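Visitor: For reference, the structure I am asking about is given below.
Nothing in this text is a laboratory measurement; each read-out follows from the coordinates by a stated rule. For clarity, every value in this text was computed on a predicted model and none was experimentally measured. Reconstructed Cβ throughout: ideal geometry from the backbone, glycine too, with neighbour counts over all protein chains shown.
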Amino acid sequence: MGDKIKHTKSSGNVYADMGFKDAKERLVKADLAIKINQIIQKRNYKQDKAADVLGINQPKISAIANGRLKDFSIERLIEFLNKLDQDVEIVVHQKPKNKRRAALFKVVVAAA
């Protein structure tokens, strides 16, 4: 009963933890896609309506909904958010000198 369970602390990026070389990009795309999907669901859009609003076909909406994002650039996902009446801000600031981590690249989603 006293057996210790082995575990590894997450880096905060599941893609980095899994060893993907493009982990930062994958995480940003996933965060953007989550926001796109939340808006589509909140507006009660069916996939064909969402496709019409975003100017793409329904299979691409399905791909976004299911996290298949390899065919979408960060820029394109941002464009979709703009088409959903969302402002997207990119903020650049100096990394704190006392941090030993790599430079940060993340998406912060404001509450609606």
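Visitor: Of everything in region 3-55, what is within 18 Å of Lys70 (Cα to Cα), surrounded by 14 or more Cβ atoms within 10 Å (Cβ to Cβ) and among the basic types (Lys, Arg)? Give them in sequence order.
Guide: Lys24, Arg26, Lys29, Lys35
Visitor: If you don't mind, there's one more thing I want to ask. Looking at Ala33, Ala51, Ala23, Ala63 in this structure, which one is touching a Leu at 6+ places or on another chain (Cβ under 9 Å) and free of Cβ contacts under 8 Å to residues at least 12 places away in the same chain? Break it down into steps so the answer makes sense when it comes.
Guide: Values: Ala33 fails: free of Cβ contacts under 8 Å to residues at least 12 places away in the same chain; Ala51 fails: touching a Leu at 6+ places or on another chain (Cβ under 9 Å); Ala23 fails: touching a Leu at 6+ places or on another chain (Cβ under 9 Å).
Residue meeting the stated conditions: Ala63.
Visitor: Name the one entry in Lys95, Lys83, Lys4 that is free of Cβ contacts under 8 Å to residues at least 40 places away in the same chain, touching a Gly at 6+ places or on another chain (Cβ under 9 Å) and not small (Gly, Ala, Ser). Walk me through it before giving the result.
Guide: Numbers: Lys95 fails: touching a Gly at 6+ places or on another chain (Cβ under 9 Å); Lys4 fails: touching a Gly at 6+ places or on another chain (Cβ under 9 Å).
When all the criteria are applied, what remains is Lys83.
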